[in-house]
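Written below as C-alpha cells is the structure these notes are about.
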Amino acid sequence: MGLFGFGKKKSESPGQGEIARRWQEAYRANPEVYRKEGTLLGSCTLTESVDTLLPLHPEAQWAVNGKPVQDWILSLVSVTEKRVLGQIEYQEAMRRLRPFSLAVSEDWILIRAMTHTQLDGQFEGLPRKLV
C-alpha cells in the first residue's frame, strides 16, 4: 500500500455521483413503432460511444391506439462505420447488454458507451438481421 493512496489500483467502476450524472446526461431511447406484415414492431436504437437509457420492458410501456406493441428489436448503430450493424430481438439484447449496464431502475437500464468492437460483439452466435 502506498502513502496517501498512491500505488493503489484505481477502481474501474464509476462512483454513485458519476453514475447519477451519466444517468441525467444519457440519451433516452425514443421507441419507433412500425407495421410489418400486419403486426406492430417496436424498435429502439443503441449507438456506439453513447451512454443510453433503454426501457427494460417496452412491451409493457408502449401501445399504439390502445393496442400493445408485443414485438421489439434493438438496432445497433456504428458511428465508426456509419451504418446499422443489425438488429437483435429486444429481450435477447437486454441479456447480452447486462455486463455493460451502469444502473437499473424499475423501468430503465443505463448502458455505458460501448466501443465499436463491443457493440459488434453483441452479434456473436446471432444473425445480423436488418428489418
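The values are calculated or read from the model by the stated rules, or taken from the named source; none is laboratory data. As the structure is a computational prediction, the values presented were derived from the model and not from experiment. Note that we place each Cβ from the backbone using ideal geometry, even for glycine, and neighbour counts take in every protein chain shown. What goes into the accessible areas is simple: the full protein's heavy atoms, side chains included, and nothing from ligands, DNA or RNA. Shrake-Rupley method; radii C 1.70, N 1.55, O 1.52, S 1.80 Å.
Annotations for the structure displayed:
- In the context of the full set of protein chains, residues of the chain present 63 Å² of accessible surface per residue (probe radius 1.4 Å, heavy atoms only).
- Linear extension gain, GLU92 paired with LYS36, 0.36 nm per residue minus alpha-carbon span: 18.1 nm
- Placing +1 on each Lys and Arg Cβ and -1 on each Asp and Glu Cβ, with no other charges, gives segment 75-116 a dipole about its Cα centre of roughly 220 debye.
- Heavy-atom accessible surface of segment 39-131: percent carbon and sulfur, 1.4 Å: 52 percent
- Start at zero, step by 5 Å, and the Cα-Cα distances of segment 20-66 spread as 5, 18, 25, 21, 15, 9, 5, 1, 0 percent across the bins.
- Top of GLU37, GLU25, GLU106 by mean-square fluctuation, Gaussian network on the chain, Cα under 10 Å: GLU37
- Given charges at beta-carbon only (K, R positive; D, E negative), |dipole| of the chain in Debye: 300 debye
- Positive-end residue of LEU40, ALA60, ILE111, charge dipole of segment 5-121 with Cβ unit charges: ILE111
- Compared with the dominant principal axis of the Cα atoms in the chain, helix 16-25 is inclined by about 40°.
- Largest GNM mean-square fluctuation among SER105, SER78, SER49, using the chain with Cα springs under 10 Å: SER105.
- Considering only PRO14, PRO55, PRO31, the Gaussian network model of the chain with Cα springs below 10 Å gives its largest mean-square fluctuation to PRO14.
- Whole-number Å³ per residue for the convex hull built on Cα positions in segment 30-108: 99 Å³
- Helix-derived mean residue ellipticity, 222 nm - over the chain, DSSP H n ≥ 4, -39500 (n - 2.57), to 500: -5000 deg cm²/dmol
- Treating r as the C-beta distance of GLU106 and VAL77 and R0 as 25 Å, the FRET efficiency rounds to 0.40.
- Solvent-accessible area of TYR27 with every protein chain in place, 1.4 Å probe, in Å² to the nearest 10: 100 Å²
- GLN16-ALA60 FRET efficiency (beta carbon distance; Förster radius 22 Å; 0.05 resolution): 0.20
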